[in-house]
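Notes follow the structure.
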Amino acid sequence: MTEHKSSQAAMRAAAAIAQVVTDHCGGALQSPVVESIARIIDRETGLSELVEATEEIIAEAGDLIEGRSPELVMRARSALLCSADKAPRED
């Protein structure tokens with residue numbers, strides 16, 4: 001089984017959760033625990049699959065969609081930048 005690398009968005013959420021736990025319970029969560037929380041967030045939200053599918057749609061049909069609704073492609077690329085580990089693929 002390959003190790004899943006969590007998205008940056010999931011890592012930010014996990015870090016925020018860890019901070020809340022620390023603030024309310026004392027004692028910081030260890031890094032592996034935060035990483036496990038991030039993997040759970042990605043898995044349960046389907047974020048990784050959604051990012052991958054959106055990247056593929058833009059790569060395959062970005063020009064077609066952009067011709068009809070350039071603002072939609074711009075919004076999708078912007079959302080990918082906020083949630084993905086890397087910049088979205090350019091078509």
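The values are calculated or read from the model by the stated rules, or taken from the named source; none is laboratory data. No experiment lies behind these values; they were computed from the predicted model shown. Cβ sites come from the backbone with ideal geometry, for glycine too, and all protein chains shown count toward neighbours.
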### Query
What is the residue count in region 1-30 for residues that are of a type outside the set (A, V, I, L, M) and loosely packed, with under 11 Cβ neighbours inside 10 Å?
8
### Residue among Ala38, Ala53, Ala10 that alone is modelled with pLDDT of 90 or more, assigned to a helix (DSSP H, G or I) and under 18 Å from the mean Cα position of the chain (by Cα)
Ala38
### Residue in region 41-50 that is surrounded by the fewest Cβ atoms within 10 Å (Cβ to Cβ), counting only those that are in a helix (DSSP H, G or I) and under 11 Å from the mean Cα position of the chain (by Cα)
Glu49
